[in-house]
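The values are calculated or read from the model by the stated rules, or taken from the named source; none is laboratory data. Being a predicted model, the structure only gives us computed values, none of them experimental. Methodologically, a virtual Cβ is constructed for each residue, glycine included, from the backbone with ideal geometry; neighbour enumeration extends over all protein chains shown.
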Amino acid sequence: MKIYTKTGDNGTTSLISGKRVPKYHLRIEAYGSIDELMAFNGLLYDQMTNETYRSFLLEVQDMLMTAASMLAADCDDCGFKLPKIVESDIQAIEKQIDQMELDLPPLAHFILPGGHVTVSQCHVARTVCRRCERLALRVHHEEAPCGLVVKYLNRLSDYYFVLSRKLAKDLKIDEITWKPRS
């Protein structure tokens, strides 16, 4: 099988049902942004030395692929079983966040990206994840229900934020706080 099919040369692509839509279609924007997030998540995975973080980021890759497939599924019965995000996937993120927060001081100021390349990459992943969440929310309201995808992405962006803080602490990097000028 060749990597190029030439079927998208006219600016369209297929959803899971086979329906052709413009490459700027909302669903394509949504799962394309998740693809971008997967690339940033993979970059974080590659930089991790802590096996707990690595293992969880690999699990996140799987869940992001699941979220993308759910957003691409424009059929109730696509002829095959698609994976789904379930509440326990969201609870797994919450468990990771809760565990990391045990070792962190309470927030007193807004935290700005910076201080270490990996900390900053967590913030990049967080902001891309927020965009994915906004796009998934539009799919949810305009196309088809995908509430657990939205909820998963919401929680995942929180995870990236807390991971940035935990990595800063682990690396003995001072967090850059925002203190507005008076």
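Here are the numbers:
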{"item": "Subset of segment 1-29 [over 26 Å from A136 (Cβ atoms) and either touching a Cys at 6+ places or on another chain (Cβ under 9 Å) or of a type in the set (S, T, Y) (or both)]", "result": "Y4, T5"}
{"item": "Strands (runs of 3 or more DSSP E) contained entirely in segment 1-113, each with at least 2 residues that are touching a residue at least 60 places away in the same chain (Cβ under 8 Å)", "result": "110-112"}
{"item": "Boolean, R126 is charged (D, E, K, R), assigned to a helix (DSSP H, G or I), out of contact with any helix residue (DSSP H, G or I) (no Cβ under 7 Å at 6 or more places or on another chain) and surrounded by 17 or more Cβ atoms within 10 Å (Cβ to Cβ)", "result": "no"}
{"item": "The lone exception for C129 - which of (1) free of Cβ contacts under 8 Å to residues at least 40 places away in the same chain; (2) touching a Ser or Thr at 6+ places or on another chain (Cβ under 6 Å); (3) within 26 Å of T49 (Cβ to Cβ) it fails", "result": "(1)"}
{"item": "Filter result (in a helix (DSSP H, G or I), more than 15 Å from L57 (Cβ to Cβ) and free of Cβ contacts under 8 Å to residues at least 60 places away in the same chain) within segment 156-182", "result": "A168"}
{"item": "Subset of segment 50-83 [among the acidic types (D, E) and in contact with an Asp or Glu (Cβ under 8 Å, 6 or more places away or on another chain)]", "result": "D74"}
{"item": "Residue satisfying condition, being crowded, with 16+ Cβ neighbours inside 10 Å and either under 17 Å from P145 (Cα atoms) or not hydrophobic (A, V, I, L, M, F, W, C) (or both), within set M70, M63", "result": "M70"}
{"item": "Flag if G42 is touching a Ser or Thr at 6+ places or on another chain (Cβ under 9 Å) and either of a type in the set (K, R) or modelled with pLDDT of 95 or more (or both)", "result": "no"}
